[in-house]
Each structure stands twice: as structure tokens, then as C-alpha cells.
1. Mean shadow of segment 111-291, computed from the convex hull of its alpha carbons, in nm²?
2. What base-10 log of the normalised intensity I(q)/I(0) is obtained for segment 224-293 from the Debye formula, alpha carbons as equal point scatterers, at q = 0.13, 0.17, 0.27 Å⁻¹?
3. What distance in nm lies between label points placed 7 Å from Cα along the C-beta direction at residue 143 and residue 14?
4. Say R0 is 25 Å: what FRET efficiency, to the nearest 0.05, do residue 236 and residue 27 get from their beta-carbon distance?
5. Give me 99, 143 ranked fewest to most by other Cβ atoms within 10 Å of their Cβ, as a rough exposure proxy.
6. Taking the highest mean first, how do the peptides 181-191, 114-124 order by number of other beta carbon atoms within 10 angstrom per residue?
7. Between residue 54 and residue 275, how many nm apart are label points set 7 Å from Cα along the C-beta direction?
8. Quick one: check the C-alpha center-to-center distance for segment 219-288 versus segment 15-59, whole angstrom.
């Protein structure tokens, strides 16, 4: 009994302000989940203070437009039919769950996120030198060269742009690769690189489908920069006049909301001997990172620019059935040990997912987070 009396809850001892200051120094969402699992009072404190959302916003300021309003899919009974305090608590719990999973899911991966080409600011010979060729690695396919070429310009300062569609409307991008093209069929083997490169990410300005924009490539239509809203702009990186896949690492991982990438090619360095004009030619482009789909999706409301973050947990069937079995057989230690052993055999990653799902009490119903007029 004396040991119980000597135990002190530091959150109650330090008070909310100092406790928040300490807990906001945690930089791993899993640590916050573990904190919330210590006791019922700590669980409530983490949720009421929105610590998972604060951590997510600190990790990725791009989602600052996503607000605190949470709604369940309309299949579920609306919470407005219940008591006010209960409504607020259920809302806070869902915000906690959404941001906890979003933060834990936003870990960098090395995978090319570009899915399709949309438009190039100019093309010298279409379709032989189309932006479509930059999707394929290498500088030749079968018996012909594979690259995009701009139109020739007499002044070297004229820029060019390439626009791409990413794998989903929510992609975490860490670095971008660009490979200048070396014309192995011209005298001297000139390399048509740019002087520098810069990257923008965002979404279409108008409620148009990117698929329809991709269809315009068949007629070589050019989409103007005013048709997009760029929510991120990278620093300017120097490009070397070298025949290699050049890596441009972003200062911080960027969460692209909207799924559109713009590659700005700034300045020209190489003249073509036959016409004395400056060109930029690119053989390949990659955007390395990871897609956050299908667990998360985003809908952009035009023309306000507001967005709706949709969270649809895709819980593994095995994990879901194991969670249900754990709840129904919690009084059966041997059953629980069997479930734990089976999940551990399937790998640490699966085990962490199981723990996170159990701690958060994840449901399979979609959760939607809307932004407001912040």
C-alpha cells in the first residue's frame, strides 16, 4: 500500500502547461501512442490536447490547412443526436486517430511517385521528342533515342517546365532525379542540360480531372502555369552538364497535396550546331518518396482551395480478425499467446501495426477531416 501511495503522476504534478511542453518534444508518433497507453488519464490528456495533430503539423506544415472538424461517413448515426460533451470527446478521439495514423504513415520510402506526364511548356518535334519519353529510364528505346526536347531559343535565359501527375493526391516526396540528354547522334556528343532546376508541387486550380489533362497530350496542348496552384516551391539547384541521373534532395520531405509536380528548367547552356539555337533536353525524371494512398485521400474544393482529408483504414484481414479474437477471448491467455506468436512470426512491422491498431481502437469505417476558414 505504501508503494502505491508513493507513485506520482507527473502530468498531475507538473500541470498541463509543463506536461504539454515536455510531450511536444517527442518526435515519433509511436512514442505518443505509447504515452497515451500508460493510463486512462494520460490517454485522455494526449487526446484532449491534440498532441498527435501538433506533431503531425510540426512534421509536415503543408497540412496546416486541414482543420479540427471530423465527421464520420453518413452510414453511421450522426453524433449531433447525442449529448454535447460526448460529441466533443468522440470528435477529439477521431482527430487523434486520424493524425496518429497520418503521422506514423508519413515515413519516407525510395519509390518513384511519378505516374504520368501532363504537359511540357514547349516541344520541338511532337511526338518524337515528347515529355512522355521522360517516364522511361535510359536515353533510348529499341532503335531510337528517347528524350524530351524544348523548342530552340536564341537567348539562353528562356526557361522550360515539365508537369507530371504523381501516383496519388497525397505523396511524400524526398528527392527528385533529372537526367539531361546527351545527343550521341550529333557531332561532339553535346549534353543539353539546364543551368539550374527548381520544383513546385500543388494541385489544379479548376475542378478538372488530371486524366483529362493527360488526354490533351495527344494533341500536344500546353497547360499554363495559371491552371495550377503551387503550395510548395523548392530552392534552386544547380544542374551539371553531365550525362547522368542527377539527384536533387529537398531540404525536408514534402507532402504534396493534390498530386501535381512541376519541374522548372532554368537557363540553357548548349547550342545546337545546325541552327545556333539553345535547347534543353531531358531523358528521364523521377520523384522519389511514397504514396499515402489508399489509407488517405484528399478532395480539393474549388475555387476556395479548401480540402477534405479522407481517412479509410485498410486494416489487414488477419490483423482485424486477430483483434476481434483478442477482444472476445481476452480471458483466455493461451489464445492471446497464440495470436501474439502468429503475428510476431509475420514480422516486426506487422506486430507494430497490430499494436498501433489496438491502442487506437481503429474502426473500419471511413473518417473524413474537413478544413475550415483558417
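1. Working: hull surface 38.8 nm².
Computed as one quarter of the Cα hull surface, the answer is 9.7 nm².
2. For the requested q values the scattering log ratios are -0.53, -0.85, -1.49.
3. Roughly 7.3 nm, to one decimal.
4. Efficiency, rounded to the nearest 0.05: 0.30.
5. Details: 99 27, 143 5.
Ascending number of Cβ neighbours within 10 Å: 143, 99.
6. Packing proxy ranking, top to bottom: 114-124, 181-191.
7. 6.0
8. Answer, in whole Å: 40.
Bear in mind that the values in this text are calculations on the coordinates, not laboratory data. All values derive from a computational prediction rather than experimental measurement. No Cβ is skipped: glycine too gets one built from the backbone with ideal geometry, and neighbour counts run over all protein chains shown.
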